[in-house]
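Peer 1: The structure under discussion is supplied below as structure tokens; questions concerning it will follow.
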Amino acid sequence: MKFKFNVPNKITIIRIALIPLFITILLLNIPYKNILAAFIFAMLSISDFLDGYFARKKKQITEFGKLIDPIADKLLISTALIFLIGKGVELWMAAVIIAREIIVTAIRIYLLPSKIVVPASNFGKAKTVVQSIAIVFVLLSLPLSYYAMLAAVLLTVVSGIEYLVRIRQMTGDKVVNLPNLITLGRFLLIIPFAYYFLNLEIHISLLIFAIITLSDKLDGISARLMNQKTELGSGLDSFTDWTVILTTFILLVIKRYISAFWVVLLAVPSIISGILKITYAKRQKVVPVTFVARISVGLTYVTIISVLINFRYNLYLLIAMLVTVYLAMIGYLLKALSLPKKSAKRKNSITKAAG
């Protein structure tokens, strides 16, 4: 995807570059800061209309512009929502909107190698406009700001569903299928799990955690039964597992169930394994999953529950969990080392062509 430094792309890049200014204004303790922040936000939002207008008028619509323009919108909206939580924006509202934007952006990036770019639809454009208006309402503490945010959330959900439908039409069941939707649901449940855990609603957070762990098996079973096992699904499932695990361990440290020492010991092999899996998947077009890795994930979930319920032997479970996680890392390392070298592969292909 070639980048062209034309007027529309310049406007989009400037919009992204000015987001830190908007944040700074919100954080400063100065008179009329909300009015100033609302003005800057409104100007940045209007620039979204300008770059599209110039792109059409000057016939400078590019694939890069189609990708970066909606990403710039999502960065601006998500940043504003994060800094307005508890100041007119409820946590669940921000969570729903940001989760939708992350999902859509991740799909856009994933589809880049396939040269599939899904332009913004009318629903998507309306969603962005309503979100921007709602945020301005909140910044200025205007009447009906709560209902404006509700309308923004509703349009966000509707436009997200519409986007997934269009992706399904363009790619079949390679991206949008039942197993991936189950995994996506698991990923989204991390937000309420963390919220209730931090607010000491342990019983509710345990129930959500149980749903997350049990549905981990459900997506795998549905993928096999429906013959919908994909590279994206395998990667997304593994990413969701370790996002849940690392998030939970960080929460356990915050609430002093365990020391940060355990998080460090767990994070190191998890990150290395993730890098090795990505390396392997890029070369072989298959995300590797070993038996030991499956055991390590299951044992980690059991260990988390044992820590939460203060099980007498949770220390031994923590040690056993780390042993399996490091063994899984070694397994992925051996797989990565067993990959054929690129030069040898290229030499073989040249020899075949010559023959």
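The values are calculated or read from the model by the stated rules, or taken from the named source; none is laboratory data. Model, not experiment: these values are computed from the prediction. Virtual Cβ from ideal backbone geometry, glycine too; neighbours counted across all protein chains shown. Only protein heavy atoms, including side chains, enter the accessible area calculation; ligands, DNA and RNA are left aside. Shrake-Rupley method; radii C 1.70, N 1.55, O 1.52, S 1.80 Å.
Peer 1: For the pair Gln284/Leu339, report the inter-label distance in nm, with labels modelled 7 Å from Cα in the Cβ direction.
Peer 2: 1.0
Peer 1: When ligands, DNA and RNA are left out and all protein chains stay put, how many square angstrom of accessible area per residue does the chain have with a 1.4 Å probe?
Peer 2: Counting only protein heavy atoms, the per-residue value for the chain is 56 Å².
Peer 1: How big is the equivalent ellipsoid of segment 86-214 along its three axes, where each semi-axis is √(5λ) from the Cα gyration tensor, reported in whole Å from largest to smallest?
Peer 2: Numbers: eigenvalues 141, 118, 19 Å².
So the equivalent ellipsoid measures 27, 24, 10 Å along its semi-axes.
Peer 1: Under the rule a/c < 1.5 gives rounded, and otherwise a/b versus b/c splits prolate from oblate, where does the chain land using the Cα gyration tensor?
Peer 2: Cα axes put the chain in the oblate bin.
Peer 1: Go ahead and run the numbers for FRET between Lys10 and Tyr316, Cβ-Cβ distance against an R0 of 41 Å, rounding to 0.05.
Peer 2: Once rounded, the FRET efficiency stands at 0.10.
Peer 1: Right, here's the next one. Picking from Ala17, Ala328, Ala336, which is most flexible by a Gaussian network model of the chain using Cα springs under 10 Å?
Peer 2: Comparing Ala17, Ala328, Ala336 in the GNM, the peak value goes to Ala17.
Peer 1: Let me ask something else about it. Could you run the Karplus curve 6.51 cos²θ - 1.76 cosθ + 1.60 with θ = phi - 60° over segment 245-253 and give me ³J(HN,Hα) per residue in whole Hz, x for Gly and Pro?
Peer 2: 3J(HN,Hα) across segment 245-253, in whole Hz: 5, 5, 4, 5, 5, 5, 5, 5, 5.
Peer 1: Let me ask another. I want to check the label-to-label distance for Glu162 and Leu28. Put each point 7 Å from Cα in the C-beta direction and report it in nm to one decimal.
Peer 2: So the two model labels end up 3.8 nm from each other.
Peer 1: Given the peptides 291-300, 163-172, arrange them by the average over their residues of other C-beta atoms within 10 Å, most packed first.
Peer 2: 291-300, 163-172
Peer 1: Based on alpha-carbon positions alone, could you give the equivalent ellipsoid semi-axes of segment 252-309 from the gyration tensor, as √(5λ), descending, whole Å?
Peer 2: Ellipsoid half-lengths, sorted descending, are 28, 14, 7 Å.
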